[in-house]
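Worksheet: the structure to be examined is printed underneath.
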Amino acid sequence: MFLKGKNKNAPRIMPRHIAIIMDGNGRWAKKRALPRSAGHSAGSKNFKDIARYSNKIGLEYLTVYAFSTENWKRPADEVENIMNILRDYLKDAKNFKDENIKVKFIGNIAVLPDDIKDLIADAEENSKDATGLHLNIALNYGGRDELVFAFKDLANSIIKGEMSVDDITEETVSNALYTKGQPDPDFIIRPSGEYRLSNYLIWQSAYAEFWFSDILWPDFKPKHLEQAIDDYCKRNRRFGGV
Ligand code: FPP
């Protein structure tokens, strides 16, 4: 699936791991004179469609940014609205199993309300044997926050005598992140006309390719994902070499 050739001479090397910043829900709603909550509902529906489509085309890993460590600054009713959308999605968790999608939440989940933590644990447990898409949902996620957790974890291991300072390597740092054991994202997609990373996967994206577009997230359809993947396949990734 990941080597898809138009002809034998021109194989396309597909990304293994795509990460998406689902941005533009608020502007999508504003354009339609709807409340921001309607934008998040449309964004959530679109997330499900894109996850299903990614699974269908054989993508290995998809990571979506659902809620950042900075998003708590939003009005309380908007935060509650996003959490309720998440609750509804998680209550439907048996679908992950039917769809053969393995779901994992990345981020500081420990501080979330107990009912959400329970729903997350159920969703991860119910989908753990799925063999299709690995779907990471970044929730209360921040790249710097993730690194601080990782450094504390490594420091504790050193204090306990389980490792030495010289054991701190790129590999041990990577293995102390939420994405432990997963390939780094090859390709990061940000719709909605913003050109920044917003504290997303800052360690993991060191060699990622980027794709930006003005499309607002609820309007980002499978055909746009295909277009983005086509563009990715034309890139020449050198990883610092020549
Ligand atoms: C950014 O758009 C979007 C968010 C901060 C929330 C994203 C959440 C969802 C799509 C729902 C996720 C649900 C599940 C089940 C994973 P924005 O509000 O910043 O848009 P704007 O920049 O146009 O205001």
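Rule-based calculations on the coordinates, nothing more; no lab input. Just so we're clear, the structure is a prediction, and the values are computed from it rather than from any experiment. Here Cβ is always computed from backbone atoms with ideal geometry, including for glycine, and neighbour counts include all displayed protein chains.
Annotations for the structure displayed:
- Segment residue 223-residue 129, extension gain: residue separation times 0.36 nm, minus the distance between their alpha carbons: 30.9 nm
- Karplus-derived HN-Hα couplings along segment 83-92 (A = 6.51, B = -1.76, C = 1.60, θ = phi - 60°), whole Hz, x at Gly and Pro: 5, 5, 4, 5, 4, 4, 4, 5, 5, 8
- Filter on 48/221; 48/234; 45/91; 45/221; 45/223; 104/128 - keep pairs with C-alpha separation over 18 Å: 48/234
- Between the amide H of residue 103 and those of 127, 135, distances stay under 5 Å, these residues lying 5 or more places away or on another chain, with hydrogens modeled in the peptide plane.
- Per-residue ellipticity at 222 nm computed for the chain from its helices equals -12500 deg cm²/dmol, with DSSP H segments shorter than 4 residues left out and the rest contributing -39,500 (n - 2.57).
- Using the Cβ-Cβ distance between residue 16 and residue 97 with R0 = 22 Å, the FRET efficiency computed as 1/(1 + (r/R0)^6) comes to roughly 0.45.
- Virtual spin-label span in nm between residue 149 and residue 234, 7 Å along Cα→Cβ: 3.8 nm
- Under Karplus coefficients 6.51, -1.76 and 1.60, residue-wise ³J(HN,Hα) of segment 140-157 in Hz, glycine/proline x: 6, 9, x, x, 5, 4, 4, 5, 4, 4, 5, 5, 5, 4, 5, 4, 4, 5
- Rounded to whole numbers, the Karplus 3J(HN,Hα) couplings from phi for segment 191-203 are x, 5, x, 9, 10, 8, 8, 6, 6, 9, 6, 5, 6 Hz, using 6.51 cos²θ - 1.76 cosθ + 1.60 with θ = phi - 60°, and x at Gly and Pro.
- As a length-normalised measure over Cα pairs under 8 Å and 6 or more apart, the relative contact order of segment 100-180 settles at 36 percent.
- Within the shell of other residues whose beta carbon sits under 10 angstrom from the beta carbon of residue 205, the net charge comes to -3, with Lys and Arg scored +1 and Asp and Glu -1.
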